[in-house]
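The values are calculated or read from the model by the stated rules, or taken from the named source; none is laboratory data. All of these numbers come straight from a predicted model, not from anything done at the bench. Counting neighbours? That spans all protein chains shown, and the Cβs are built from the backbone with ideal geometry, glycine included. These area figures cover heavy atoms from the full protein model, side chains too; ligands, DNA and RNA do not enter into them. Shrake-Rupley method; radii C 1.70, N 1.55, O 1.52, S 1.80 Å.
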Amino acid sequence: MAKLEESSQPLPGVKQSRFALQFEDFCHRFGFGLLLIIIAAALAGLFSGGYFSETSLSNATNSLKVDYQRFGRLQNQIQLKITSHRPDAGRYLLRIGHDYTARFETENIWPQPDEMYSEGADLLLVYNKVKSQGDFSVWLYTSPDRPGKAVTSVTVNNEPAVSFWQFIYP
């Protein structure tokens, strides 16, 4: 598009904006490249599940591992997998706290706990008489209720906690 000259005569009845014409020119030049960058970021998991989003953390003693998505979208399901590497425990008290109960709605828990209750801002899941030969895992399927950064902490049987953050896009 040719640059708008200062000396050009305006058309009668048409109010031209220099800024709007320059913005339109910029979008024509670089819009397709910007669109490709946004699509590549989405496919890579920058906005939800994918390479940059899927991650896991362990506590200091490696007795607890949490697999989660670092990025999510509001009202879309997010999977959280909590694995305890203590097969001899028999009874598991899983405490999920910090921002979890205020920012997420739990839709499904597998396996179902024997008891479930809240203590302050923490959600407690109790599994009695667990007969596990190896690791014991719990899957939580949740939906974020509010956008922004959410910090969650997970503890099993008073072991050291795993704290992690998730960013929820609107």
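State all residues of the stretch 46-87 that are in a strand (DSSP E or B), of a type outside the set (D, E, K, R) and open to solvent by 70 Å² or more (accessible area, probe 1.4 Å); if no residue qualifies, say none. Within the stretch 46-87, Gln79 is the sole residue that qualifies. Counting only residues that are at pLDDT below 95 and under 15 Å from Pro111 (Cβ atoms), the stretch 139-170 holds 1 of them. Do we find that Tyr92 is aromatic (Phe, Trp, Tyr), open to solvent by less than 70 Å² (accessible area, probe 1.4 Å) and out of contact with any Asp or Glu (no Cβ under 7 Å at 6 or more places or on another chain) in this structure? Considered against the rule, which asks whether it is aromatic (Phe, Trp, Tyr), open to solvent by less than 70 Å² (accessible area, probe 1.4 Å) and out of contact with any Asp or Glu (no Cβ under 7 Å at 6 or more places or on another chain), Tyr92 comes out as yes. Evaluation of Thr101 against the conditions (1) within 15 Å of the chain's Cα centre (by Cα); (2) open to solvent by 60 Å² or more (accessible area, probe 1.4 Å); (3) in contact (Cβ under 8 Å) with a residue 40 or more places away in the chain shows that the sole unmet condition is (3). Being under 19 Å from the mean Cα position of the chain (by Cα), within 15 Å of Trp165 (Cβ to Cβ) and of a type in the set (Asp, Glu) is a condition met by no residue of the stretch 142-151.
Within the stretch 112-152, the set of residues being among the polar types (S, T, N, Q) and either surrounded by 13 or more Cβ atoms within 10 Å (Cβ to Cβ) or in contact (Cβ under 8 Å) with a residue 40 or more places away in the chain (or both) comprises Ser132, Gln133, Ser137, Thr142, Ser143, Thr152.
Tally up the residues in the stretch 35-60 that are among the hydrophobic types (A, V, I, L, M, F, W, C) and closer than 15 Å to Phe164 by Cβ, please. Walk me through it before giving the result.
If we filter the stretch 35-60 for residues that are among the hydrophobic types (A, V, I, L, M, F, W, C), which is where we start, we get 35-44, 46-47, 52, 57, 60.
Applying the additional criterion that residues be closer than 15 Å to Phe164 by Cβ yields 52, 57, 60.
Counting residues in the stretch 35-60 that are among the hydrophobic types (A, V, I, L, M, F, W, C) and closer than 15 Å to Phe164 by Cβ gives 3.
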